[in-house]
Each structure stands twice: as C-alpha cells, then as structure tokens.
1. Please go through the stretch 171-195 and give me each residue that is more than 20 Å from ILE37 (Cβ to Cβ) and surrounded by fewer than 14 Cβ atoms within 10 Å (Cβ to Cβ), ordered by number.
2. Among the listed residues VAL134, VAL101, identify the single one that is outside any helix (DSSP H, G or I), within 22 Å of GLY61 (Cα to Cα) and in contact with a Cys (Cβ under 7 Å, 6 or more places away or on another chain).
3. Considering the stretch 129-164 alone, what residues qualify as being surrounded by fewer than 15 Cβ atoms within 10 Å (Cβ to Cβ) and either touching a residue at least 60 places away in the same chain (Cβ under 8 Å) or within 13 Å of the ligand (Cβ to nearest atom) (or both)?
4. Out of all the residues in the stretch 175-187, which are under 24 Å from LEU138 (Cβ atoms) and free of Cβ contacts under 8 Å to residues at least 40 places away in the same chain?
5. Given VAL81, VAL17, which one is outside any strand (DSSP E or B), more than 25 Å from GLY140 (Cα to Cα) and either free of Cβ contacts under 8 Å to residues at least 60 places away in the same chain or touching a helix residue (DSSP H, G or I) at 6+ places or on another chain (Cβ under 9 Å) (or both)?
6. Looking only at residues in the stretch 35-50 that are within 14 Å of the ligand (Cβ to nearest atom) and part of a loop (DSSP other than H, G, I, E, B), which one is surrounded by the most Cβ atoms within 10 Å (Cβ to Cβ)?
7. Hey, among ASP80, ASP89, which residue is charged (D, E, K, R), within 12 Å of the ligand (Cβ to nearest atom) and over 30 Å from THR181 (Cβ atoms)?
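The values are calculated or read from the model by the stated rules, or taken from the named source; none is laboratory data. Being a predicted model, the structure only gives us computed values, none of them experimental. Glycine also receives a Cβ, built like all others from the backbone with ideal geometry; neighbour counts cover every protein chain displayed.
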Amino acid sequence: MQKIKKVCVYCGSSDKVDPKYFEATKTLAKSLVKNNITVVYGGGARGLMGQLADTVIEEKGRIIGIMPHFMKEVEFHHKDVNEFIFTADMHERKKQFMVGVDALITLPGGCGTFEELMEAITLKRLGIFTKPIVILNLDGYYDKLFDMLDLTVEEGFMGEKHKDIWTPFENPAKVIEAINTSVPWSHDAIKFAQV
Ligand code: AMP
C-alpha cells in the first residue's frame, strides 16, 4: 500500500450550512494531520474550506491553498495557511489541485465542489489522473449524485467499470480507510474509457 503524503480536499465555501458539516470537516482534518498528510485545498477562509484550514493549522499540520489571483483581490483567501499558490485562472487552479497528490477527497459543497469533482472523475476515466477519489456522503448528501452517476451507467453513457473511479464513505474519521480501499487504477483506463 502506497503511503499517503499529500491529498487535495474539495469542499463548500458557504457559511450558511448546518453545523454537522463543520463538525465532519473538523474530524476529517484531524485525521489527516494525525497521519502526517499535507492538505491542498482551494485557499478559502469561509465555509468548510475555512474550517478545514483552521483545524489543520490548530492541529499543527500543513496546508497549502491554491487560488486564482482574482479571488485574492476580493480577499477570499485564508491568511494563515502555510503556503499559497496563486494561479492565472480557475482552469490552472484545478490543474494544480491534482499535481503530486495521493488522493482527492470531496466533502459536501455546491457547484464549485461538483465541478472540481466531475473534472477529476472525467480525467480518471481517461487514465490521465489515477489516484483514489473519495466522496464523503455525510447523511446521504451525495445520494442523488450517486443515483445520477448510476443512471449514466444504466443508460449507457458510462461503463460498469467506471463506477470504480470513486469511493463513497460516510464516516469522516474513516477517510484513510476509504482511500486505502479504493479500487487501484492505471493509465490503461484509456483502453476502456469508451463505452
Ligand atoms: P462551492 O462548493 O460552490 O462553495 O465552491 C467551492 C469552490 O468555489 C472553491 O474551490 C472556489 O472555486 C469557489 N469559491 C466560491 N466562493 C469562494 C470563497 N469565498 N473562497 C474561496 N473559494 C470560493
């Protein structure tokens, strides 16, 4: 089993969500720090993004924010993260999220989180990205997304094997287990990318 050194976390930027989402983010962040894992994220100071960074910093872990310049200009960035990478645009930022990470973790979020997740799934289907993609389905938040993905398979838009691209998990304390039990993937996925 490959040692997990660095992960990227996609999560929501809204503050107006139930406290249970903040609690889950805290638990997950603590688990990552306890395992000496560097965290890469979108650099935000609010919502689950802010909670993630606050907790990693409090627990004395390492967190890197990646954000386009225009977001810094409107003060979206968290002021205390260990390192910041500012990108020209959103496309470059999404590309950077995947560089050198051992897994991608998706927490509940809105359209920005969905977009990041869907790009990662698409690249993995093509064999360009091969690392585990784990999705925290807290209290069924992502049930409808999983139903939709199942429907794409049922209707022939994706193949059965493509369901191995992502790994749902429900307990934020079990994030490492979710990563380690993900189905191994390789660049050969391009051979069955087409249905
Ligand atoms: P969402 O899941 O829609 O909240 O989107 C999270 C993503 O939205 C982030 O990765 C950013 O692309 C963007 N975003 C929206 N608002 C903010 C914010 N205040 N700070 C940082 N990123 C934000």
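1. We begin by selecting, within the stretch 171-195, every residue more than 20 Å from ILE37 (Cβ to Cβ); these are 183, 186-195.
VAL183, SER186, HIS187, ASP188, ILE190, LYS191, PHE192, GLN194, VAL195 - these are the residues of the stretch 171-195 that are more than 20 Å from ILE37 (Cβ to Cβ) and surrounded by fewer than 14 Cβ atoms within 10 Å (Cβ to Cβ).
2. Selected residue: VAL101, the only one of VAL134, VAL101 that is outside any helix (DSSP H, G or I), within 22 Å of GLY61 (Cα to Cα) and in contact with a Cys (Cβ under 7 Å, 6 or more places away or on another chain).
3. ASP139
4. Start the filter on the stretch 175-187 by keeping residues that are under 24 Å from LEU138 (Cβ atoms), which leaves 175-183.
Within the stretch 175-187, GLU177, THR181, VAL183 meet the criteria.
5. Values: VAL17 fails: more than 25 Å from GLY140 (Cα to Cα).
Step by step, each of VAL81, VAL17 is checked, and only VAL81 is outside any strand (DSSP E or B), more than 25 Å from GLY140 (Cα to Cα) and either free of Cβ contacts under 8 Å to residues at least 60 places away in the same chain or touching a helix residue (DSSP H, G or I) at 6+ places or on another chain (Cβ under 9 Å) (or both).
6. Here is the first cut: in the stretch 35-50, the residues within 14 Å of the ligand (Cβ to nearest atom) are 39-50.
In the following step, the residues that additionally are part of a loop (DSSP other than H, G, I, E, B) were identified as 42-43, 45-46.
Values: GLY42: 28, GLY43: 25, ALA45: 18, ARG46: 14.
If we take residues in the stretch 35-50 being within 14 Å of the ligand (Cβ to nearest atom) and part of a loop (DSSP other than H, G, I, E, B), then GLY42 is surrounded by the most Cβ atoms within 10 Å (Cβ to Cβ).
7. Answer to the check: ASP89.
Every residue, every condition in (1) farther than 23 Å from MET118 by Cα; (2) surrounded by fewer than 18 Cβ atoms within 10 Å (Cβ to Cβ), yes or no:
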{"residue": "GLY12", "(1), (2)": "no, no"}
{"residue": "LYS20", "(1), (2)": "yes, yes"}
{"residue": "THR25", "(1), (2)": "no, no"}
{"residue": "VAL56", "(1), (2)": "yes, no"}
{"residue": "HIS78", "(1), (2)": "yes, no"}
